[in-house]
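Following this message is one structure expressed as structure tokens.
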Amino acid sequence: MAEPVSALGGAVFEGFATVREIGPLGMITLRAKPDVPGLEAAVRGAVGTGLPARRQMDWAKDRGCGWMSPDEYLLILPHAEVGRALAGIEAALKGQHFLAVDVSDARAVFRIEGEKADQVLRKLAPADLDAMAPGELRRSRIAQVAGAFWAGEGGYTLVVFRSVAGYVMGVLTHSAQPGSELA
Amino acid sequence: MLILECPYCGVKAEETELQPGGEAHLKRFGPGSSPEDFEAYMFARKNPKGVHFERWRHAYGCGKWFLAARCTATLEVFGTYPAQSPEPPADLVNKIKAKRPEWKGWK
Ligand SMILES: [Zn+2]
């Protein structure tokens, strides 16, 4: 089997904050309304969390489930476990109205770390980072493309489409230039 | 700057996170309708200076369409509500009436 590779081969930029491309990370898009019978058990079986509240991300160690919209969840798990998790979801929700897809290779993931990591995102997204609740998953715009991010472990994790990974690394690098810190 | 609160995900979304969808509460006239009705549905839109009901999509957020009432002159936002609303909620209409006594209603 081919080894999975991330979009930018782990590119790193050291500015006033550190920008690192990470991954590959396993990701499953699960579309279902929260009242679909068996949904919570299916999510628990796949990543070990319950169903997150609106805009929240629930974690069980390195596995997580994020609320993306009223009928969409993002499951995060080790890349090698996606196939097994998908099969489990398909079995648990058989006959229900839902959709589960492996999107691991359609995404790029970045870590932005350091004391001023927030400033890198503040310059690029029209989102009020101060209004983010603990554990919140915020979907927004990163310069000209869609992105979703959450805070934790001394920085932020940012998920974007893989096709724009180079563009996003570029704007993150620009935003993190030494000397361009916000006052 | 226009900020609309998305009724689905609750984010106070800045305008560039949204996609505008034009006038809200249009009645569709499709096959079988008169040419006049179809033309009006297709092309005729309100363009008031003042209270306006609009469709917006939280394009860079949760992706859902929702409806908003705002003033086109001052950008004051009166409220937002789910797209599955055949007409503006009564409490929103009352709120606008109280603020803009000269307003003639949403239809
Ligand atoms: Zn939204």
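The values are calculated or read from the model by the stated rules, or taken from the named source; none is laboratory data. None of the values given here were measured: they were computed from a predicted structure. Don't worry about glycine lacking a Cβ; one is built from the backbone with ideal geometry, like all the others, and counts go over all protein chains shown. Please note that ligands, DNA and RNA were not included when accessible areas were found on the heavy atoms of the full protein model with its side chains. Shrake-Rupley method; radii C 1.70, N 1.55, O 1.52, S 1.80 Å.
For a protection proxy built on the mean count of beta-carbon atoms within 10 angstrom, sort B:1-8, A:144-151, A:105-112 highest first, please.
On the way: B:1-8: 16.9, A:144-151: 19.0, A:105-112: 21.6.
Packing order, densest peptide first, comes out as A:105-112, A:144-151, B:1-8.
Another question about this same structure. For B:K104, give me every one of the lysines with a C-alpha distance below 27 angstrom, ignoring sequence neighbours fewer than eight places off in its own chain.
B:K27, B:K46, B:K49, B:K95
Using a 10 Å cut-off around each Cβ of peptide A:51-60, what is the average number of partner chain Cβ atoms that fall inside? List each step's numbers first, then the result.
Values: counts 0, 0, 0, 5, 5, 0, 0, 0, 0, 0.
Mean partner shielding for this stretch: 1.
Turning to a different aspect of this structure: When only the heavy atoms of the protein chains count and the probe is 1.4 Å, how do B:E39, B:E76, A:E21 rank by accessible area, highest first? Walk me through the numbers before you get to the answer.
Values: B:E39 110, B:E76 55, A:E21 10 Å².
I get B:E39, B:E76, A:E21, largest accessible area first.
Further question: Could you work out Rg/(2.2 N^0.38 Å) for the protein assembly as shown, with Rg from alpha carbons only?
Its radius of gyration relative to the 2.2 N^0.38 Å reference: 1.16.
Residue by residue through segment A:118-127, which ³J(HN,Hα) values in whole Hz follow from phi under the Karplus form 6.51 cos²θ - 1.76 cosθ + 1.60 (θ = phi - 60°), with glycine and proline marked x?
Result, rounded to whole Hz: 4, 5, 4, 7, 4, 6, 10, 10, x, 10.
Moving to a separate point now. Suppose R0 equals 22 Å; then what is the FRET efficiency for B:L2 and A:A183 from their Cβ-Cβ distance, rounded to the nearest 0.05?
Details: r = 26 Å, r/R0 = 1.19.
Approximately 0.25, to the nearest 0.05.
How much accessible area is lost when chains A and B come together, counting both sides, with a 1.4 Å probe, in Å² rounded to the nearest 100? All intermediate terms of the calculation are to be shown ahead of the outcome.
Working: alone 8980 and 6880 Å², together 14740 Å².
The A and B chains share an interface burying roughly 1100 Å².
Work out from phi, with θ = phi - 60° and the Karplus expression 6.51 cos²θ - 1.76 cosθ + 1.60, the ³J(HN,Hα) of each residue of segment A:69-76, listed in order in whole Hz, and give x for Gly and Pro.
In residue order, the calculated couplings are 6, x, 9, 8, 10, 10, 9, 10 Hz.
So which cysteines of the protein assembly as shown have no other cysteine's Cβ under 4.7 Å from theirs?
For the protein assembly as shown, the answer is A:C65, B:C6, B:C71, because their Cβ atoms have no other cysteine Cβ under 4.7 Å.
Which of the lysines could a cross-linker bridge to A:K123, judged by Cα under 26 Å and excluding same-chain residues fewer than eight apart?
Once the sequence-local lysines are set aside, what remains near A:K123 is B:K12, B:K64.
Say the dipole of segment A:102-162 comes from +1 at the beta carbon of Lys and Arg and -1 at that of Asp and Glu; which of A:Q144, A:G154, A:A117 then lies farthest toward its positive end?
It is A:Q144.
Taking 7 Å along the Cα-to-C-beta vector as the label spot, tell me the B:E87-B:W103 distance in nanometres, rounded to one decimal.
Between B:E87 and B:W103, the simple spin-label model gives 1.5 nm.
Please state the charge dipole magnitude for the protein assembly as shown, taken about the Cα centre, from unit charges on C-beta atoms (+1 on K and R, -1 on D and E), reported in debye and rounded to the nearest 20.
Once rounded to the nearest 20, the dipole reads 840 debye.
Provide a whole-number value for the mean count of partner chain Cβ atoms within 10 Å of the Cβ atoms in peptide A:67-78.
Details: counts 2, 4, 8, 7, 4, 3, 0, 0, 0, 0, 0, 0.
Per residue, the number of nearby Cβ atoms from other chains is 2 on average.
Taking the alpha-carbon distance from B:K99 and a cut-off under 13 Å, which aspartates and glutamates remain once sequence neighbours fewer than 8 residues away in the same chain are dropped?
Cα-Cα hits under 13 Å: B:E76, B:D91.
Mind ranking A:124-135, A:72-83 by how tightly packed they are, going by the mean number of other C-beta atoms within 10 angstrom, highest first?
Highest mean packing first, the order is A:72-83, A:124-135.
Accessible area drop of at least 20 Å² (1.4 Å probe, protein heavy atoms): which residues of segment B:1-28 qualify, relative to the chain alone?
B:Y8, B:C9, B:G10, B:V11, B:E14, B:T16, B:E17
Taking every residue in A:127-138, how many Cβ atoms of other protein chains lie within 10 Å of its Cβ, on average? Please report the intermediate quantities before stating the final value.
On the way: counts 7, 5, 0, 0, 2, 1, 0, 0, 0, 1, 1, 3.
Per residue, the average neighbour count from other chains is 2.
Sticking with this one: Given the rule -39500 (n - 2.57) for each run of at least 4 DSSP H residues, summed and divided by the residues of the protein assembly as shown, what is its mean residue ellipticity at 222 nm, to the nearest 500 deg cm²/dmol?
Values: 6 runs with 56 residues, N = 290.
So the helix-based figure for the protein assembly as shown works out to -5500 deg cm²/dmol.
Given a Förster distance of 22 Å, report the FRET efficiency between A:E115 and A:V12 from their Cβ-Cβ distance, rounded to the nearest 0.05.
On the way: r = 18 Å, r/R0 = 0.80.
Given R0 = 22 Å and the Cβ-Cβ separation, E is 0.80.
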